[in-house]
1. Suppose the filter is in contact with a strand residue (DSSP E or B) (Cβ under 9 Å, 6 or more places away or on another chain), touching a residue at least 24 places away in the same chain (Cβ under 8 Å) and away from ligand 1 (no atom under 16 Å from the Cβ); does I2 pass it?
2. Working carefully through the options A212, A221, find the one that is more than 15 Å from the chain's Cα centre (by Cα) and part of a helix (DSSP H, G or I).
3. What are the residues in segment 142-167 that are away from ligand 2 (no atom under 16 Å from the Cβ), buried (at least 24 other Cβ atoms within 10 Å of the Cβ) and β-branched (V, I, T), if any?
4. Pick from segment 5-27 the residues that are under 26 Å from A181 (Cβ atoms) and buried (at least 17 other Cβ atoms within 10 Å of the Cβ): which of them is farthest from ligand 1 (Cβ to nearest atom)?
5. Is one or more of the residues making up segment 122-144 touching a Phe, Trp or Tyr at 6+ places or on another chain (Cβ under 9 Å) and closer than 24 Å to V58 by Cβ?
6. Restricting the search to segment 1-59, which residues are over 18 Å from the mean Cα position of the chain (by Cα) and β-branched (V, I, T)?
7. Inspect all residues belonging to segment 67-76 and state whether any of them is β-branched (V, I, T), away from ligand 1 (no atom under 16 Å from the Cβ) and in a helix (DSSP H, G or I).
8. Among K170, K238, which is the only one that is of a type in the set (K, R), in a helix (DSSP H, G or I) and surrounded by 14 or more Cβ atoms within 10 Å (Cβ to Cβ)?
Amino acid sequence: MIVTAGLKKSFAEVEAIKDVSFHVERGEIVALLGGNGSGKSTSINILTGLLKPDEGDVKIQGIDPFKNPIEARKKLGVFPDKAGLYPNITVREHLAFFGGLHGLGGSALNVAVEKTIHILDMQEIADRTTKGFSHGQSVKVALGRAMVHNPDYLILDEPSRGLDVYAVRKLRELLLRFRDAGTGILFSSHVMQEVEILSNRLVIIADGKICAQGKPDALKAETKTQSLEDAFMALVEKEN
Ligand code: ADP
Ligand code: MG
């Protein structure tokens, strides 16, 4: 299980997150739902060990990512909010490099790279360097990089941003397949429709605080609303 408890983080005078606690189990998809600037990326960057919190704890299967970053990172596949790719190496080389960083080698690495190229439908771009890639192509490579080592958990910061309808559908199928194989998935989003289709549980964040958690139907019942969008608005407004 991934557990975050009482996370706080400020950047100078900006209190990015004030009180963030939630958990993610293997075999479930949890959506971190919140508007622009609500603290999704800050929470995710702390969880993945990129950013140190001012207060609070993170445990990845019992491992503290700030005390034991290498062990913690092995459990995670991360799709960050800024997907920097190396422009001068090919897609295949990206995947091999990241698979290698996570301890894969030899034929296991080759198999993992080919499988990732296949499931993300990247055969046609596999031997191109990523310089000049379209947004959607870059997103696919960054997703591949997150999943090439078949991690216990996938942490995805707005994975569908800028993807076309076809690619979003493929992404959904892929996440469901990973979940059914036992991967724990946390993804952030502000798109109600995808959150409703994909997630087993929602964690709603507003203004740096978690204001509600639960299954989509339970949140609708709690707020006596018919749509997730209305439930979200009611929960966020109640907080303010
Ligand atoms: P989200 O991902 O939900 O859009 P973020 O976590 O990126 O939100 O940001 C939360 C708040 O923290 C915003 O007000 C944002 O401007 C601020 N913030 C995030 N990162 C930084 C930073 N490196 N420096 C200053 N302010 C930041
Ligand atoms: Mg963000």
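1. Numbers: in contact with a strand residue (DSSP E or B) (Cβ under 9 Å, 6 or more places away or on another chain): yes; touching a residue at least 24 places away in the same chain (Cβ under 8 Å): yes; away from ligand 1 (no atom under 16 Å from the Cβ): yes.
When the stated conditions are applied, I2 passes them.
2. Details: A212 fails: part of a helix (DSSP H, G or I).
So the residue among A212, A221 that is more than 15 Å from the chain's Cα centre (by Cα) and part of a helix (DSSP H, G or I) is A221.
3. Residue satisfying the conditions is V148 alone.
4. First pass over segment 5-27, keeping only residues under 26 Å from A181 (Cβ atoms): 22-27.
This time we only want the ones that are buried (at least 17 other Cβ atoms within 10 Å of the Cβ), so: 22-24.
Numbers: F22: 14, H23: 19, V24: 17 Å.
Taking the candidates together, the pick is H23.
5. Yes, that holds for at least one residue.
6. The one that is over 18 Å from the mean Cα position of the chain (by Cα) and β-branched (V, I, T): V14.
7. In the first step, residues of segment 67-76 are kept if they are β-branched (V, I, T); the result is 70.
Narrowing the set further to residues that are away from ligand 1 (no atom under 16 Å from the Cβ) leaves 70.
From the residues that got through so far, the ones that are in a helix (DSSP H, G or I) too are 70.
Looking through segment 67-76, at least one residue is β-branched (V, I, T), away from ligand 1 (no atom under 16 Å from the Cβ) and in a helix (DSSP H, G or I).
8. On the way: K238 fails: surrounded by 14 or more Cβ atoms within 10 Å (Cβ to Cβ).
After ruling out the rest, the residue left standing is K170.
The values are calculated or read from the model by the stated rules, or taken from the named source; none is laboratory data. The shown structure was predicted, so the numbers you read here are calculated from the model rather than taken from an experiment. Don't worry about glycine lacking a Cβ; one is built from the backbone with ideal geometry, like all the others, and counts go over all protein chains shown.
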